[in-house]
Each structure stands twice: as structure tokens, then as C-alpha cells.
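Single-structure report; data block below.
The values are calculated or read from the model by the stated rules, or taken from the named source; none is laboratory data. Everything numeric in this text was worked out from a predicted model, so none of it was measured. Positions of Cβ are backbone-derived with ideal geometry, glycine not excepted, and every protein chain shown enters the neighbour counts.
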Amino acid sequence: MTLNYQFYKLIFKTPGGTSRGTLTEKETYLIRLQINDPDETEYFGEAALFRGLSFDDIPSYEVKLKNICKNFDFEDKDWWEKIREFPSIQFGMEQILKAREVYNDKKAKDEFNPVLFPSAFTESKAGIPINGLIWMGSPDFMKQQIREKIDQNFRCIKLKIGVNWNEEHGILKNLRKEFSESDMEIRVDANGAFDFNLAQTVLQQLAEVEIHSIEQPIKAGQIHEMAQLCAETPTPIALDEELIGVIQKEEKSKLLQIIQPQYIILKPSLVGGWKGSEEWIEIAEAQNSGWWITSALESNIGLNAIAQWTYTLGNPLPQGLGTGSLFKNNFYSRLKVEKDQLYFV
């Protein structure tokens, strides 16, 4: 069997607005496993590098990926540890090795949607609760997205905030007037947009409109400021970007011990795949921090791998899993949203 890779660029149907800027395309890398059998079976894993955000967004990334594909030792049990500095490649290779493991299962032989974790989910008997994502934009555009999610029967929505807080605050207040906390769970994601002083005000205002949680209110790296916010906040705080680049298990433990967040958000492509995420979960649960899983603009290949694994974790909270419908040129997918549940069909 052989490994190779290819670069792929996903194109957004509609630009996605965040406090870090507007996204129109998303670069990614596909790792292909070719098995020399009569069926010429092949599987794909996704090393979903996120430009400007991934810890492994470095000039030598593609050289490293090429070298791994050329020289990978399938018998090396310590391979994951040896590439901790390349979390997106860790995740791509996890997918490849899992596909190789289930190769003899005929139901798993789907190059883009292999059954990696057989479960009630992959048997189409159960779904995963998910939140509806609302991108930044004009108040009218954000309201339009909210109405669409409500019409689709979502009971949990997440709004990107941090460009114009006054307008965003107004949208949240109006939304809460229409839907009570028991009718609609609202999460917000600031992507580190606020400074420390403004964040304190925002956290109080969010509590007044009964917001479930806010992701990354201030920029990552301000550990003691974040710890103070988490200690005093009336609105639960979820760490997101704060986790990126913290690759050793002892460093992860130290970070969470200092900050003591209410939640952490785990994006396998950014934190070392399934194994890296499970390290974070173990540490978080030991100190009673909650968590959920979120995709990070992967193609349907990576999303399939994240969704199947997420179901096995048994977390009842709404997860942040998209369906790949954002992109014009995505790959075939067996994932489908019905109301506010993600299904494998």
C-alpha cells in the first residue's frame, strides 16, 4: 500500500464573516491511502491546515507532509508522538490508519465516507445534536440567518460576534425577547475580539440576556487575564484558540489548572486529532470543566471522521459540527441535518 497527498482549495458559497476577517476560501490537504488489491481500494484522510490559525501553519508544512507520506512506517506505534508539532497531519494520519484498520469491513469501503467507528450513528439509528452557526454581517443578514435556523427547528444557535458589539448586543436582546432560555440556547463566539476591560462589560451584558457561553472573549496567550475573567464571569467562558499550540500533555494540564475555564472547545484538526482531543477531555473532566467538539471548516472527508468519533464520546451537549454545505466544491457526503440533529445516512 502507498501514501501520497494532494492540495485542495475549498470555495465558500457565501463569504463567512468573523472578527478575524471574511473567509472566501479554505485550503486543505488530502492524504490518500492506495491499497494494492484487485479493487484498487483507496481511502482519504484530511490534514485540514487552517491558514493563520493552525499551529503547524509554517513554510515547511508541505515538505513535512510529503516526507511523512513517503517514509511512513505503518508498524511504528509511536508515530503520533513524533509529529506533535503537526496536529493537522496527526489527524489526517489517524483517519488513514483507522481506514486501514477497518479495510476488511465491506461497509467501510467508501473512499470519502468510510465507516471508521461503527455505532448507532453509522447505522442511521441515532443522530448528534448540533448548534446552528450564524456568521457575522449586517444586522439584517444576521437576522436572516437566525430566522433560517429557527425555521429549521434548531434549539441551539451560535453567533459570531466582535465586530460591532452594540449592534450584536441589540440582536441578542431582541432574540431573547422572542425566545426564552428554555426555548433557545444561545452561544456566542468572539474569536478573541475584545480587550480585557470591554470583555468584563460584555460578559455582564451576556448574562443579562441569558447566554449559554462565550468562546474566547479575549485573544489567546493572556493566560492570567483569562483566568481572572473565568473566575469572576457571570457568563460561562469556553476556551478555543487558547488551546492551539499547547501540544504536550503536561502543558495542557498546566494551562487548564491556571485558567479553570467553564468549558473548552475541541477542534481535532487544530489540537492533534482524536488522541490530542482525548488528552484535553481527560484533563478537563478531572477539574470539572465541560467540553464539546467543533469542526473547523474541514471538507466532508474530515467532517465525516470527526462526526463518527464524536458520537462515540456520548456528550449530550449540542456539538459544533457543520455539514460541509458552506462550500461550492465539497466532496460527496453521507452526513445530513434533520432539524437540529446530524445523521449519517
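Conditions (1) under 30 Å from E185 (Cα atoms); (2) surrounded by fewer than 18 Cβ atoms within 10 Å (Cβ to Cβ); (3) of a type outside the set (V, I, T); (4) touching a Cys at 6+ places or on another chain (Cβ under 6 Å), marked per residue:
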residue: I96; (1), (2), (3), (4): no, no, no, no
residue: Y103; (1), (2), (3), (4): no, yes, yes, no
residue: P114; (1), (2), (3), (4): no, no, yes, no
residue: E123; (1), (2), (3), (4): yes, yes, yes, no
residue: A126; (1), (2), (3), (4): yes, yes, yes, no
residue: I130; (1), (2), (3), (4): yes, no, no, no
residue: L133; (1), (2), (3), (4): yes, no, yes, no
residue: M136; (1), (2), (3), (4): yes, no, yes, no
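Can you tell me which of T235, T312 is at pLDDT 95 or above, among the hydroxyl-bearing types (S, T, Y) and within 26 Å of G17 (Cα to Cα)?
Of T235, T312, the one residue that is at pLDDT 95 or above, among the hydroxyl-bearing types (S, T, Y) and within 26 Å of G17 (Cα to Cα) is T235.
Taking F112 as meeting all but one of (1) closer than 30 Å to P316 by Cβ; (2) part of a helix (DSSP H, G or I), write down the number of the exception.
F112 satisfies all of (1) closer than 30 Å to P316 by Cβ; (2) part of a helix (DSSP H, G or I) except (2).
What tally of residues in the stretch 26-64 results from selecting those that are part of a loop (DSSP other than H, G, I, E, B), surrounded by fewer than 21 Cβ atoms within 10 Å (Cβ to Cβ) and acidic (D, E)?
4
Could you list, in sequence order, all residues of the stretch 316-334 that are farther than 19 Å from T24 by Cα and out of contact with any strand residue (DSSP E or B) (no Cβ under 6 Å at 6 or more places or on another chain)?
Matches in the stretch 316-334: P316, Y332, S333.
Touching a strand residue (DSSP E or B) at 6+ places or on another chain (Cβ under 7 Å), surrounded by 14 or more Cβ atoms within 10 Å (Cβ to Cβ) and outside the structural domain of K267 (by TED's automatic domain parsing): which single residue out of I89, I83, I11, I68 fits that description?
Of I89, I83, I11, I68, the one residue that is touching a strand residue (DSSP E or B) at 6+ places or on another chain (Cβ under 7 Å), surrounded by 14 or more Cβ atoms within 10 Å (Cβ to Cβ) and outside the structural domain of K267 (by TED's automatic domain parsing) is I89.
Considering each of E208, E215 in turn, give the residue that is in contact with a helix residue (DSSP H, G or I) (Cβ under 9 Å, 6 or more places away or on another chain) and either surrounded by fewer than 16 Cβ atoms within 10 Å (Cβ to Cβ) or of a type in the set (G, A, S) (or both).
None of the others qualify; the one that does is E208.
Which of the following residues is under 18 Å from Q319 (Cβ atoms) and among the β-branched types (V, I, T): I130, I146, I96?
I130
Here is a yes/no grid of residues against (1) among the aliphatic types (A, V, I, L, M); (2) in contact with a Phe, Trp or Tyr (Cβ under 9 Å, 6 or more places away or on another chain); (3) surrounded by fewer than 19 Cβ atoms within 10 Å (Cβ to Cβ); (4) outside the structural domain of K267 (by TED's automatic domain parsing):
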{"site": "N300", "(1), (2), (3), (4)": "no, yes, no, no"}
{"site": "N315", "(1), (2), (3), (4)": "no, yes, yes, no"}
{"site": "P318", "(1), (2), (3), (4)": "no, yes, no, no"}
{"site": "N329", "(1), (2), (3), (4)": "no, yes, yes, no"}
{"site": "L335", "(1), (2), (3), (4)": "yes, yes, no, no"}
